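Notes for the one structure printed next.
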């Protein structure tokens, strides 16, 4: 069984959330699922100093930054051959919203960049499992909104983000996940809540286990 993990940089304020990304990779490895990290070869929306939380006047490449998490083993999203994989997982981080969509920069309907939208559509049309962590379910819902209305979770969604993205929100505790098996979409909230690392891990663990089971694994 093989999984592609879509990253968007390194760091929860402007890229992929490092803990969520590592926990996804850990659970895939624990379950014997081979994985390949990928990322768009484009510039980040912005660069944030994670110590001061201030935006810095510089640019960084998403693919190059994602290599920090993947220990160099990352390919451009354009090189992903969907037929080689059984599932797709998108870890969270504010960078997912900022780099992959206009969720943060604009009000109204949410659009997703073509490379990410195209990859999600390919997995959906092949009825292959798609998993989203933290804010990533919102981007997945937006990408699929012209095709289906998916059920996903951000934990809680008082601001109506998922509705804005064209999906249906399901309230779910941090240490659990939501499975929309009709559309093969799985999600967990992770650090959408200020919760413990242990509870975040449990939610990701259960989601990955659910995806593997859906795909016919152990």
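Throughout, read-outs are computed from the coordinates displayed, never taken from laboratory work. A quick note: this is a predicted structure, and the numbers were derived from the prediction, not measured. Don't worry about glycine lacking a Cβ; one is built from the backbone with ideal geometry, like all the others, and counts go over all protein chains shown.
Structure above, values below:
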quantity: Cα-based shape type of the range 50-143, given that a ≥ b ≥ c are square roots of the gyration tensor eigenvalues and the cut on a/c is 1.5; calculated: oblate
quantity: Prolate/oblate/rounded label for the range 141-218 (Cα gyration tensor, a/c 1.5); calculated: oblate
quantity: Fluctuation leader among 139, 18, 96 - the chain, Gaussian network, Cα springs under 10 angstrom; calculated: 18
quantity: Distance (nanometres) between label positions extended 7 Å along Cα→Cβ at residue 199 and residue 121; calculated: 3.8
quantity: Mean ellipticity per residue at 222 nm, deg cm²/dmol - from DSSP H runs of n ≥ 4 across the chain, formula -39500 (n - 2.57); calculated: -9500 deg cm²/dmol
quantity: Label point distance in nm, residue 76-residue 51, each placed 7 Å from Cα along Cα→Cβ; calculated: 3.4
quantity: Inter-centroid distance (Cα atoms) of the range 43-101 relative to the range 145-218, Å; calculated: 20
